[in-house]
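What follows draws every value from the coordinates through simple rules; no lab data is involved. Computed from a prediction, not measured in an experiment: that's the story for all the values here. Note that each Cβ is placed from the backbone with ideal geometry, even for glycine, and that neighbours are counted across all protein chains shown.
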Amino acid sequence: MARMKFLCDAERCIECNGCVTACKNEHEVPWGVNRRRVVTINDGVPGERSMSVACMHCSDAPCIAVCPTNVIYQTEEGVVLHDKDGCIGCGYCFYACPFGAPQFPNGPAAFGARGKMDKCTFCAGGPEENGSQAEFDKYGRNRLAEGKLPLCAEMCSTKALLAGDATELSDIFRDRVLRRGKGVEAWGWMTAYGKDKEEAK
Amino acid sequence: MTTRIPYVIAAALAAAFLAGCSEQPQVGKFEQGKYAGKADTRPWEGGTFKGDKGAWEQAQRNRVRAQNEYKRVE
């Protein structure tokens, strides 16, 4: 069975925020909630790196361990989802998550006023009938049930963000790294995409 | 009769005060470590794949492999 994961290639991410926009639009995510965001380190300095971050769908997810109402679960495909009907908005998952993935529609507020937790679903909806209006309203579109991948990855212009079965992603990334080689440039086109075949000869 | 009224009131007040000492469960009942939410349907159990897990896996595999642009352009 597939083990769904995201992989972001920091050599390729150009901080275009296309993934963020695609996610917000596809799921009609409310104001104040960003299921995905782009983090840049050393912004503006040569050698800067950007990384698109959302829920990483951890194999041993700490949010599941800390949820006091036990409404966060992992599907057979390794996607971490939650039942909004049972969420009390306590924020424990937010504190436990090393990626800051859980979001609350009412932002930083007192317990009881934050609203129900919202996070990346790997475009797999939630515990409602696949493709139903109730599922869309609570969790967003269920692209996985349509045989598609998360839109953030499919939308990525440089293919920095990959999504899917971990084994397949590893194969893609390994292939990419082998072609890329180790150039003299610290960053840039050659590092990201490798040399042209003719040029490499 | 009138002499009993204060006793009745005192008894009623005592019962009311003592009721505050009782403890009712304040949290929902759930089993620690077990998912307590609604059951979810699997991605292939729906309109598109109609329970055909193999077809869903193949569709996913094709999509994932299509992300490798080296394979797409060569």
Enumerate the amide H contacts of A:L161 below 5 Å, restricted to partners 5 or more residues apart or on another chain; note that Pro and chain-start residues carry no placed amide H.
A:D9
On a 0 to 90 degree scale, rounded to 10, what angle separates helix A:166-180 from the longest Cα axis of chain A?
30
With 31 Å as the limit, write out which pairs from A:K138/B:K71; A:K159/B:K38; A:K24/B:K50; A:K159/B:K34; A:K84/B:K71 have Cα-Cα distances beyond it, or answer none.
A:K138/B:K71; A:K159/B:K38; A:K159/B:K34; A:K84/B:K71
Summing -39500 (n - 2.57) over every DSSP H run of at least 4 residues in chain A and dividing by its residue count gives a helix-only mean residue ellipticity at 222 nm, to the nearest 500 deg cm²/dmol, of -7000 deg cm²/dmol
From other protein chains only, count the Cβ atoms within 10 Å of every residue's Cβ in B:42-50, then give the mean.
6
Modelled label-to-label distance, B:K53 and A:I41, 7 Å Cα→beta-carbon offset: nm?
3.9
Taking Cα atoms, how many degrees apart are the long axis of helix A:18-27 and the longest axis of chain A, rounded to 10 and kept between 0 and 90?
30
In nm, what is the difference between 0.36 nm times the number of residues separating B:A12 and B:A66 and their Cα-Cα distance?
11.7 nm
Convert each backbone phi in segment B:46-54 into a coupling constant with the Karplus relation 6.51 cos²θ - 1.76 cosθ + 1.60 (shift: θ = phi - 60°), then list the ³J(HN,Hα) values in order as whole Hz, x for Gly and Pro.
x, x, 6, 10, 6, x, 7, 5, x
Farthest toward positive dipole pole in chain A [+1 Lys/Arg, -1 Asp/Glu at C-beta], among A:A10, A:C90, A:G32:
A:A10
Could you give me the ³J(HN,Hα) list for segment A:95-110, computed from phi with Karplus coefficients 6.51, -1.76, 1.60 and θ = phi - 60°, whole Hz, x at Gly and Pro?
5, 7, 6, x, 10, x, 6, x, 10, 10, x, 9, x, x, 8, 5
Note down the magnitude of the dipole of segment A:136-181 about its Cα centre, charges +1 on Lys and Arg C-beta and -1 on Asp and Glu C-beta and zero elsewhere, to the nearest 20 debye.
200
